[in-house]
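Enquirer: Sending over a structure as structure tokens; questions will come in a sec.
The values are calculated or read from the model by the stated rules, or taken from the named source; none is laboratory data. Just so we're clear, the structure is a prediction, and the values are computed from it rather than from any experiment. Cβ placement follows ideal geometry from the backbone for every residue including glycine, while neighbour counts extend to all protein chains displayed. Accessible surface areas use protein heavy atoms only, side chains included; no ligands, DNA or RNA. Shrake-Rupley method; radii C 1.70, N 1.55, O 1.52, S 1.80 Å.
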Amino acid sequence: MNTQKQKITHELKNYTLITISIFIMAFGVYFFKFPNNFVFGGVTGFAVVVAQITPLSASVFSFIANTLLLVLGLICLGRSFALKTTYASMLLSILLLVFEHAYPMEQPLSNEPMLELIFAIALPAIGSAILFYIGASSGGTDVLAMIIKKYTHVKDIGIALFITDLLMIICACFVFDIKTALYSFVGLTVKSFMIDSIIENITLCKSIMIICDDPEPICKYITEGLNKGATIVDGKGAYTHSCKHIVFTTLTRRQAIVLRNHIHEHHLNAFISVSSTSEVFGNGFSNI
């Protein structure tokens, strides 16, 4: 029963994060990307090109293309990914349509294209990074990037996105002026690295080495209080030649702070060394 409750709570948390991420992304795409014809973000980027050469609006094209690519995601990436991505992509398309009807954009918000480029990069990048972290995407070429990451040796999702979206930049060169294409290329490059950087910071964990006389109270708190594992190794002090115990564990940043405070508050005699690590594989940790 508790396991089922935890699963429901976990899913509610995921879908709440998806909703927030998509709203951030939609705001950046509609108010900063579409009006400036920036083409560096998958289907929404290609939608800007399509809107210039066909009767379809950018929002309508995004809706159609995302629906088709979801089928590919279901086949190649599984049911869980497909369900989350379906919700995310449909919500993104709906929000873009709502923004389009509620606040029609006939020109950019300002006369500062570089300033608007920053927001057009940052807001979708933040939203995408959170989605990738929880095993979802906003659909479109994000699905293709996830497939590339899964079935090739490309392990950074930002690089996979760069590969899939580079075609959009080439199209922009023929549809828009060279200035817009150059802005788009800068946006694509920065966005790709920014997504990887955000994900790395989200997944950053702490690898901890604790040298102590009595490892039991520390390990008990790690296993029972923090629900994480630990490894004990016997050692010997180089100066005192006394027997020591070395405890190795890996925790999230918040848990590392909690453990450090617990050791200090309970006056547990220990030497603590903490280092950052961005890749952790095993029970209790999730990796995209």
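Enquirer: Go through the stretch 176-185 and count every residue that is assigned to a helix (DSSP H, G or I) and surrounded by 16 or more Cβ atoms within 10 Å (Cβ to Cβ).
Expert: 5
Enquirer: Output the residues belonging to the stretch 237-287 that are open to solvent by less than 50 Å² (accessible area, probe 1.4 Å), under 18 Å from L226 (Cα atoms), assigned to a loop (DSSP other than H, G, I, E, B) and modelled with pLDDT of 85 or more.
Expert: The answer is L268, and nothing else.
Enquirer: Six or more apart or on different chains, Cβ atoms under 6 Å: show the pairs whose first residue is in the stretch 9-31 and of a type in the set (A, V, I, L, M) and whose second is open to solvent by 50 Å² or more (accessible area, probe 1.4 Å).
Expert: Going by the 6 Å Cβ cut-off, the qualifying pairs are I24/I126.
Enquirer: Out of curiosity, is P35 modelled with pLDDT of 80 or more, outside any helix (DSSP H, G or I) and out of contact with any Asp or Glu (no Cβ under 9 Å at 6 or more places or on another chain)?
Expert: no
Enquirer: Testing V50 on (1) closer than 26 Å to V190 by Cα; (2) surrounded by 17 or more Cβ atoms within 10 Å (Cβ to Cβ); (3) in contact (Cβ under 8 Å) with a residue 12 or more places away in the chain, one condition comes back false. Which one is that?
Expert: (3)
Enquirer: Now for a different question. I need the full set of residues from the stretch 199-223 which are open to solvent by 40 Å² or more (accessible area, probe 1.4 Å) and under 17 Å from R254 (Cα atoms), in order please.
Expert: E200, N201, I202, K206, S207, M209, Y221, T223
Enquirer: Shifting gears a bit: May I ask you to list the residues in the stretch 186-198 that are among the aliphatic types (A, V, I, L, M) and open to solvent by 50 Å² or more (accessible area, probe 1.4 Å)?
Expert: Within the stretch 186-198, V186, V190, M194 meet the criteria.
Enquirer: For the stretch 117-175, which positions are assigned to a loop (DSSP other than H, G, I, E, B), at pLDDT below 85 and surrounded by 18 or more Cβ atoms within 10 Å (Cβ to Cβ)?
Expert: Listed by number, the residues that qualify are S138, G139, G140.
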